[in-house]
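The values are calculated or read from the model by the stated rules, or taken from the named source; none is laboratory data. Here the structure is a predicted model, which means the values were calculated and not measured. Here the Cβ positions follow ideal geometry from the backbone for every residue, glycine too, while neighbour counts run over all protein chains shown. Remember, those area values only see protein heavy atoms, side chains included, never the ligands or the DNA or RNA. Shrake-Rupley method; radii C 1.70, N 1.55, O 1.52, S 1.80 Å.
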Amino acid sequence: IASTGTFEGGGKFGMGEFIPPRVTGTAPAPGVTNLPVNTPIVISFSDPMADDSGAYVLENFVSLFTLSSVGAETDVTSTAIDTVTLDSAKLNAKVTLKAGYNSGKFATSTKYRLKVLGGAKSQTGLTLLQPGNEQVMTYAAEFTTSSSSLGDTAAPAVVGSYPDAGATGVPVGTSAIS
């Protein structure tokens, strides 16, 4: 049975209007090591997120830290993050580094922690956490960069195929992957 209603001060409840959005993952995935320094960060959300407007800017709810060997955090958000831009579906946010931060790349052989804070909000206006918790971490992902300052510069290459190139007598229903 579905029912809806309104709060005294306005706003609807019921039928899922008050299920907050959440981070569903990141690329790179948490725990990745030997990450090329030019790899972009993408944060994926469960619901379409709000566009930047007025005082709300998604970038204000994404933080980046470097980690020491004992796990102590150094906040590099203001020196490293240039923009946080939503894709057309508003489900993925790409984090772009400033050109002045290691030439727009992550530092080599460095452990990073990305945090998404509770004030990030969906198109419906709901934030990841309830009001008053805008600066509370709701999601964190750590990754470690490679020792190469070149980044990922190699083009992908095909290393084999199935069935073999030039094969004859291959049944029509043969899968490309077995």
Looking only at lysines whose Cα falls under 22 Å of LYS121's and that sit 8 or more positions away or on another chain, we get LYS12, LYS90, LYS94
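Based on the Cβ-Cβ distance of SER68 and TYR162, what FRET efficiency does E = 1/(1 + (r/R0)^6) give at R0 = 41 Å, to the nearest 0.05?
Working: r = 47 Å, r/R0 = 1.14.
Computed FRET efficiency for SER68 and TYR162: 0.30.
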Over all directions, region 34-102 yields a Cα convex hull whose mean projected area in nm² is 6.0 nm²
Hull surface over four for the Cα convex hull of region 95-141, reported in nm², is 4.3 nm²
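If each residue of separation counts as 0.36 nm, what is the full-extension length gain between THR24 and LEU91 once their alpha-carbon separation is subtracted? Spell out each step's value before the answer.
On the way: separation 67, 0.36 × 67 = 24.12 nm, distance 0.97 nm.
Roughly 23.2 nm would be gained on extension.
Within region 91-132, what whole-number % of the accessible surface is contributed by carbon and sulfur, with the 1.4 Å probe and all protein chains included in the calculation?
On the way: 940 of 1960 Å².
Within region 91-132, the accessible surface is 48 percent carbon and sulfur.
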Spelling it out for ILE81: with amide H atoms placed in the peptide plane at 1.01 Å from N, the residues 5 or more places away or on another chain with amide H under 5 Å from its amide H are LYS98
Averaged per residue, the 1.4 Å probe accessible area of region 64-173, protein heavy atoms only, in Å², is roughly 59 Å²
For LEU126 and THR77, extending 7 Å from Cα along the Cα-Cβ vector and measuring point to point gives, in nm, a value of 2.4 nm
